[in-house]
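This report concerns only the one structure given below.
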Amino acid sequence: MASEEVLHSFTMPAAEAVRNTTLGALAGAGTDLQDTWTWVYTEWAGEDALFLWTVFFLITSSFFWIFNLGFNFLELTGQPAYLLKYRIQLKQKPAVVDRAVFFKCVRTVLHNQLAIGIPFHYCLLPLLLWRGGLYDRALPSLPYALFDLAMCSLAIEVGFYYTHRLLHLPYFYRKYHKIHHEWRSPISISSIYCHPFEYWLSNLLPLVAGPILMGSHFTTAMFWVMLSTASGSIAHCGYHLPLLPSNETHDYHHSQFNQIYGPLGILDTLHGTNRRFKASVHFLRHFTLTGSTPAYVLVPDKSSKDEQTVTE
Ligand SMILES: [Zn+2]
Ligand SMILES: [Zn+2]
């Protein structure tokens with residue numbers, strides 16, 4: 001037998017076994033998810049659209065606080081100390097955030113979630129019901145859900161970029177957006193520390209634009225909101241941590257004010273609002289860390305006296 005055939009006889013059955021196991025697991029998981037959704041929909045929720053929508057709000061709002069628990073502990077205690085070296089603004093960001101400032105942030109975030117989030121959430125329901133798809137008994141297929149998520153990402157890129165640029169016009173900045181920029185070195189929950197008008201215009205509207213546009217299913221919409229919540233929290237946490245997506249971009253926006261307005265970078269490239277970022281050392285550090293070495297050690301900034309001092 002030729003060596004290629006020998007290799008083929010070993011690799012093909014192995015590859016097929018992996019493929020069949022993976023597809024089998026996905027099909028099994030899909031069936032389980034469908035069974036769970038059918039049960040929730042018919043037995044538990046009793047097909048009550050308003051009740052399910054309340055569950056949606058409670059789960060997605062609670063997710064914000066649950067996801068940020070670890071970051072909050074780190075901000076309030078400076079522990080575990082070995083994570084402090086991952087701060088993006090090494091000298092500017094304090095190891096421990098002032099408690100009064102932290103709890104002011106908590107109050108503003110809760111106000112936005114409750115006073116703005118709840119009415120917005122319930123006003124949205126008739127619109128989503130009109131679009132259809134929200135409470136379909138059949139779950140969307142994986143490709144269908146992924147396509148919706150891709151469209152939601154594009155919608156938030158457009159919606160957030162342009163509303164954010166509007167908020168940087170002098171009138172809107174002074175009146176609304178400067179509150180969000182009180183955090184020059186942001187913390188994770190400061191992602192929705194902002195004026196209620198900004199929360200409505202620049203956070204909630206672009207977030208729901210995708211699910212409305214696509215007539216997304218309840219489960220896709222919930223996954224999308226939780227994904228965006230996690231992404232916004234990581235973008236603001238101020239720590240470039242191993243294995244997490246790089247957050248050098250939005251942290252740069254908070255430190256420099258007039259660079260990087262969008263979440264994906266597509267419109268920033270189109271409008272040239274990332275030129276200074278691209279010329280900075282932070283652009284070179286804009287990648288996911290796969291080891292334990294901090295980004296500022298991997299890509300040192302020779303011109304920064306602050307970082308030299310920390311490295312020594
Ligand atoms: Zn921000
Ligand atoms: Zn801004």
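The values are calculated or read from the model by the stated rules, or taken from the named source; none is laboratory data. Computed from a predicted model, the values in this text were never measured in an experiment. A quick note on method: Cβ atoms are made from the backbone with ideal geometry, for glycine too, and the neighbour counts reach across all protein chains shown.
The residues of region 237-263 that are part of a loop (DSSP other than H, G, I, E, B) and within 15 Å of ligand 1 (Cβ to nearest atom), listed by number, are Cys237, Gly238, Asn247, Phe257, Asn258, Gln259, Ile260, Tyr261, Gly262, Pro263.
In region 134-143 there is at least one residue that is at pLDDT below 95 and small (Gly, Ala, Ser).
The residues of region 29-43 that are over 29 Å from the mean Cα position of the chain (by Cα) and closer than 23 Å to Leu124 by Cα amount to a single one, Thr42.
Could we say that Ser190 is within 13 Å of ligand 2 (Cβ to nearest atom), of a type in the set (Ser, Thr, Tyr), in contact (Cβ under 8 Å) with a residue 24 or more places away in the chain and touching a Cys at 6+ places or on another chain (Cβ under 7 Å) here? Yes: the conditions hold for Ser190.
Taken over region 227-236, the criterion of being small (Gly, Ala, Ser) and either over 14 Å from the mean Cα position of the chain (by Cα) or near ligand 1 (Cβ under 10 Å from one of its atoms) (or both) is satisfied by Gly232, Ala235.
Examine region 201-215 for a residue that is within 16 Å of ligand 1 (Cβ to nearest atom) and part of a loop (DSSP other than H, G, I, E, B), and state whether such a residue exists. Scanning region 201-215 turns up no residue that is within 16 Å of ligand 1 (Cβ to nearest atom) and part of a loop (DSSP other than H, G, I, E, B).
Filtered by the rule that a residue be surrounded by 14 or more Cβ atoms within 10 Å (Cβ to Cβ), part of a loop (DSSP other than H, G, I, E, B) and away from ligand 2 (no atom under 16 Å from the Cβ), region 265-290 gives Ser280, Arg285, His286, Phe287, Leu289. Checking each residue in region 270-283 for being under 21 Å from the mean Cα position of the chain (by Cα) and more than 26 Å from Arg174 (Cα to Cα) picks out His282, Phe283. Beta carbons closer than 6 Å, at least 6 apart along the sequence or on distinct chains, pair a first residue in region 292-312 that is surrounded by 14 or more Cβ atoms within 10 Å (Cβ to Cβ) with a second that is at pLDDT 80 or above and not aliphatic (A, V, I, L, M) for Pro294/Lys85; Pro294/Tyr86; Ala295/His240; Ala295/Arg285; Val299/Arg285; Glu307/Tyr296; Glu307/Asp301. Based on what the data block shows, is Ile156 modelled with pLDDT of 95 or more, touching an Asp or Glu at 6+ places or on another chain (Cβ under 9 Å) and either buried (at least 23 other Cβ atoms within 10 Å of the Cβ) or not in a helix (DSSP H, G or I) (or both)? Answer is no for this residue.
Give the residue that is nearest to Val281 (Cα to Cα), with candidates limited to residues of region 46-101 that are in a loop (DSSP other than H, G, I, E, B) and among the small types (Gly, Ala, Ser). Break it down into steps so the answer makes sense when it comes.
The initial filter retains those residues of region 46-101 that are in a loop (DSSP other than H, G, I, E, B), namely 46-48, 78-80, 88-98.
Now narrow it down to the ones that are among the small types (Gly, Ala, Ser): 46, 78, 95.
On the way: Gly46: 55, Gly78: 26, Ala95: 22 Å.
By that ranking, first place goes to Ala95.
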